[in-house]
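Worksheet: one structure, shown below.
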Amino acid sequence: MGTRWSLAIAGGPPDPRPLVQAVLGAVVSESSLWADGSEIVRFNRAPAGAEVPLSAGFAEVVAAALAVAEASGGAFDPGLAALSDKWGFGPGGARE
């Protein structure tokens, strides 16, 4: 999602990088706004009220985001994509 990662580990398997890369790949396939086929992109493009199949991992993230929104009295809004895009933090850059 536009970042790099590195790994420093003492002990453990000889080369854990493939496992770490697989987990990060799964996160990207679920949650990347820059990956055209990601779950969040499909979710955001779906018409209101449409049923969108979600992986267990992504469904857990959505449920957690909604719980934080409720617990914060709306101070956290998981639906702030339009505002993030306007400020230039989304994949399309800043918008007028």
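The values are calculated or read from the model by the stated rules, or taken from the named source; none is laboratory data. What you see is a predicted model, and the numbers here were worked out from it, not measured in a lab. Backbone-built Cβ (ideal geometry, glycine too); neighbour counts: all protein chains shown. The area values use the complete protein model at the heavy-atom level, side chains included, leaving out ligands, DNA and RNA. Shrake-Rupley method; radii C 1.70, N 1.55, O 1.52, S 1.80 Å.
Roll a 1.4 angstrom probe over the protein heavy atoms and tell me the percent of accessible area of the chain that is carbon or sulfur.
On the way: 4450 of 7190 Å².
For the chain, the apolar C and S fraction of the accessible surface comes to 62 percent.
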**Ordering of 50-61, 31-42, 66-77 by burial proxy (mean other Cβ atoms within 10 Å per residue, highest first)** = 31-42, 50-61, 66-77
**Complete:** So the FRET efficiency between residue 65 and residue 36, C-beta based with R0 = 25 Å and rounded to 0.05, is 0.70
**Message:** Give me the extension gain from residue 89 to residue 21: residue separation times 0.36 nm, minus the current Cα-Cα distance, reported in nm with one decimal.
**Reply:** 22.0 nm
**Request:** Multiply the residue separation of residue 77 and residue 6 by 0.36 nm, subtract the distance between their alpha-carbon atoms, and state the gained length in nm to one decimal.
**Result:** 22.5 nm
**Asked** Residues of the chain: accessible area per residue at 1.4 Å, in Å²?
**Response** 75
**Prompt:** What share of Cα pairs, in percent, lie more than 16 angstrom apart in the chain?
**Reply:** 68
